[in-house]
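Some notes on the structure that comes next.
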Amino acid sequence: MRSIKNILLLLSLVITSLVFANRAVFAEDSISITIPTDSVRLTPMPDTFASASQTITASTTNIAGYTIDISTADSTNALVHQTDPTLTIPTFTIPQGSTTVPANNTGYGYGFSTDNGANYQAVPAAGSSTNIFSTNTAGTNQHVITFGTRIAANTTEGEYSNTLIL
């Protein structure tokens with residue numbers, strides 16, 4: 001009887017060890033993404049192009065591939081004036097047949113860039129998202145996203161912002 005108890009105890013320890021060993025394996029597969037702030041905040045002046053950048057840091061262990069999407073948390077994809085929510089700055093109007101607008105031809109509006117401000121894309125409309133970075137590289141990867149805006153002369157200058165979901 002005693003040997004049966006010993007066998008059961010040993011079997012129990014083996015099963016428990018396997019469960020914890022499995023958990024340890026799964027714990028090694030992880031990804032974390034950090035960004036300094038989840039809000040784009042710009043203080044544009046009429047007829048002046050303003051920009052600000054943020055660095056996204058993604059750290060992975062055994063997971064090599066990931067995709068980062070961007071969407072707006074607000075009900076609009078516009079920048080909203082901090083003290084007067086009726087004042088907004090819509091996104092750049094992308095020329096037909098294009099996916100981006102060159103920085104020197106941005107017109108009026110705001111958007112984001114993944115090539116350090118060379119070209120800008122429109123911020124996705126509320127309720128949708130756009131892929132901004134995709135990689136198959138494990139380890140720590142840094143991605144820079146630049147937000148830019150230019151407003152017409154009759155637009156109220158001041159601080160505008162929107163909250164983003166990454």
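The values are calculated or read from the model by the stated rules, or taken from the named source; none is laboratory data. Owing to the predicted nature of the structure, the values given are computational and were not obtained by experimental measurement. Ideal geometry is used to build each Cβ from the backbone, glycine not excepted, and the neighbour counts take in all protein chains shown. Note: areas computed on protein heavy atoms with side chains; ligands, DNA, RNA excluded. Shrake-Rupley method; radii C 1.70, N 1.55, O 1.52, S 1.80 Å.
Annotations
- Restricting Ser161, Ser128, Ser134 to residues that are open to solvent by less than 20 Å² (accessible area, probe 1.4 Å) and among the small types (Gly, Ala, Ser) narrows the list to Ser161.
- Here Gly111 meets the list (1) crowded, with 17+ Cβ neighbours inside 10 Å; (2) in a loop (DSSP other than H, G, I, E, B) almost entirely, failing just condition (2).
- Any hit, segment 36-48, residues being assigned to a strand (DSSP E or B), among the aliphatic types (A, V, I, L, M) and open to solvent by 60 Å² or more (accessible area, probe 1.4 Å): no
- From Thr86, Thr91, residue being modelled with pLDDT under 95 and under 18 Å from the mean Cα position of the chain (by Cα): Thr91
- Long-range neighbours under 6 Å by Cβ, at least six apart or interchain, first residue closer than 26 Å to Ser128 by Cα and free of Cβ contacts under 8 Å to residues at least 12 places away in the same chain within segment 42-69, second open to solvent by 20 Å² or more (accessible area, probe 1.4 Å) and among the β-branched types (Val, Ile, Thr): none
- Any hit, segment 92-102, residues being surrounded by 13 or more Cβ atoms within 10 Å (Cβ to Cβ), in contact (Cβ under 8 Å) with a residue 24 or more places away in the chain, in contact with a strand residue (DSSP E or B) (Cβ under 6 Å, 6 or more places away or on another chain) and part of a strand (DSSP E or B): no
- Criterion violated by Asn116 - all others in (1) modelled with pLDDT of 90 or more; (2) outside any loop (DSSP other than H, G, I, E, B); (3) open to solvent by 70 Å² or more (accessible area, probe 1.4 Å); (4) not charged (D, E, K, R) satisfied: (2)
- When Ile56 is tested against (1) β-branched (Val, Ile, Thr); (2) more than 12 Å from the chain's Cα centre (by Cα); (3) crowded, with 18+ Cβ neighbours inside 10 Å, exactly one condition is not met: (2).
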